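Notes to accompany the following structure.
The values are calculated or read from the model by the stated rules, or taken from the named source; none is laboratory data. All values reported here derive from a predicted model rather than from experimental measurement. A quick note on method: Cβ atoms are made from the backbone with ideal geometry, for glycine too, and the neighbour counts reach across all protein chains shown.
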Amino acid sequence: MSKIETIGLSVYYGDGTVCGLKAVNITIEANKITALIGPSGCGKTTFLRALNRMNELKGAQTKGKVLIDGIDIYNGKVDVIQLRKRIGMVFQQPNPFPMSIYDNVAYGPRIHGQRNENLGTIVEESLKKAALWDEVKDRLDENALGFSGGQQQRLCIARALAVNPEIILFDEPCSALDPVSTARIEELLTELKQEYTIVIVTHNMQQAARVSDCTAFFLMGELIEYGKTSQIFERPKDKRTEDYITGRFG
Amino acid sequence: MKVRKDYLEALEKLKSDVLRMGELAKAAAKNAIDALVNHDKELAVRLLEENSVIDRMEFEIENQCMRLLALQQPMAIDLRTIETSLKIITDFDRISDLAGDIAEIVIQIADQPYAKPLIDIPRISEISQGMLADCLEAFATHRIEKLEDFSARDDIVDALFGQIRRELVAIMIENPRAITSASHLIFIGLHQERIADHACNIAGRIIYMVTGERRKLG
């Protein structure tokens, strides 16, 4: 079942002359992990940020359609705040708020009007889903900034989960983490896909190969090839995909 | 911009070593039959001595493959090349072992007249030499057109071996004193037929390396 579909999605920066993404057509399946790969500046992060209208925060112009469950999120009637509640995002650098673990996770639900009596359950469930509960359950009132990078990143995932999203976008979530923390996040991703649709940008090709079901290769703003991860990494159809994943250019 | 210079050099070295091992195995198969045809015991002895080079190459190439897999995380065509290399060097090793088995028989029978004139055994050799040459060319160039008829060529080899066996069995029935010599030739025919089977295995692997499609030939 398709969750996200883009039709002729293009993104322009600056005065509209710099094209970051060129007419991308792609269908992303629900409850799958889709990896976006490609060299720096290829458009993969621009594509990711187009999925929850983050590009417009930088003044970018978007053309084409992004359908989430068949509804175009750029149609002018969509409430962007509600949209970003449905589509959570986790960034490259762990970015917890300078407050307690509890308040970090409760932040989103509070903004969206959750009453205090429900927050304890939401915080606990979110931290459990993010595989962090056992490590922090006795320290919920401690400042999040005192935790390790891997723990902070899982906290950010818990924070994203707390508002009950349908889709989670990950922008190089492990690039600042050590191998053990990376392995924990990767394991977590495969657990989370049972409930959520996941799109992940990664520079680590082995990570894309390990965790994703489908892989999209971008180059100079174009979607070059999209398919099952095993096919992309074993038998890519396009020479440019092959050259990139075998390290012949980068 | 080309990157990963050391990696690409290591891959090129692997490919060139696999080709060299293949050439040596092919030469061993040819020399075994040349030694038989020419009653040349010296060539047979030399072949056996040189087989240790092929054995060493197999280990060396395995090590190269393991290093590339462990350290470079190869993908796509590179991964398929390494998988193919790991598989076909076993076939090359088996071909050189079979050539060695033929050489050992030659050492035993070269001083005597053979049970029958050698007609079909050199024919099989010619066909399997052609198959091995086409495999090595395809491995080097990634052009696989010449591998497409390997099943048909293998059928011809099987038919020729069947013919050799029938003729030699008839000779053994007619003349029990020829049993030893005839059975040696049957074994040589069998080893030749197995060499063609290995060529089919190698061709199937090279087709996979080039296209990503797994096919069984022969």
Residue within the stretch B:126-142 that is surrounded by fewer than 18 Cβ atoms within 10 Å (Cβ to Cβ), in a helix (DSSP H, G or I), among the hydroxyl-bearing types (Ser, Thr, Tyr) and modelled with pLDDT of 95 or more present: yes
Count - residues of the stretch A:86-131 that are more than 19 Å from A:Ile200 (Cβ to Cβ) and in a loop (DSSP other than H, G, I, E, B): 8
Residues located in the stretch A:51-96, provided they are among the small types (Gly, Ala, Ser) and either surrounded by 17 or more Cβ atoms within 10 Å (Cβ to Cβ) or in contact with a helix residue (DSSP H, G or I) (Cβ under 8 Å, 6 or more places away or on another chain) (or both): A:Ala60, A:Gly64, A:Gly88
Test: residue in the stretch B:73-88 that is in contact (Cβ under 8 Å) with a residue 60 or more places away in the chain, under 16 Å from the mean Cα position of the chain (by Cα) and more than 26 Å from A:Lys237 (Cα to Cα): no
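How many residues, within the stretch A:61-85, are assigned to a strand (DSSP E or B), of a type outside the set (Lys, Arg) and more than 20 Å from the chain's Cα centre (by Cα)?
Step one: list which residues in the stretch A:61-85 are assigned to a strand (DSSP E or B), which gives A:61-68, A:71-72.
Filter once more, keeping what is of a type outside the set (Lys, Arg): A:61-62, A:64, A:66-68, A:71-72.
In the following step, the residues that additionally are more than 20 Å from the chain's Cα centre (by Cα) were identified as A:61, A:64.
Here the count works out to 2.
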Which numbered condition B:Ile156 misses (of (1) surrounded by 18 or more Cβ atoms within 10 Å (Cβ to Cβ); (2) in contact with a Lys or Arg (Cβ under 9 Å, 6 or more places away or on another chain)): (1)
Which numbered condition A:Asn31 misses (of (1) touching a helix residue (DSSP H, G or I) at 6+ places or on another chain (Cβ under 7 Å); (2) at pLDDT 95 or above): (1)
Odd one out for A:Ser181, checked against (1) over 27 Å from A:Lys3 (Cβ atoms); (2) surrounded by 17 or more Cβ atoms within 10 Å (Cβ to Cβ); (3) in contact with an Asp or Glu (Cβ under 7 Å, 6 or more places away or on another chain): (3)
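Results for (1) among the aliphatic types (A, V, I, L, M); (2) in contact (Cβ under 8 Å) with a residue 60 or more places away in the chain; (3) in contact with a strand residue (DSSP E or B) (Cβ under 7 Å, 6 or more places away or on another chain), shown as yes or no for each residue.
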site	(1), (2), (3)
A:Ala131	yes, yes, no
A:Asp138	no, no, no
A:Glu142	no, no, yes
A:Arg154	no, no, no
A:Ala160	yes, yes, yes
A:Pro165	no, yes, yes
A:Ile168	yes, yes, yes
A:Asp171	no, yes, yes
A:Glu187	no, no, no
Hits in the stretch A:203-250 (condition: hydroxyl-bearing (Ser, Thr, Tyr), touching a Leu at 6+ places or on another chain (Cβ under 9 Å) and touching a residue at least 24 places away in the same chain (Cβ under 8 Å)): A:Ser212, A:Thr215, A:Thr241, A:Tyr244
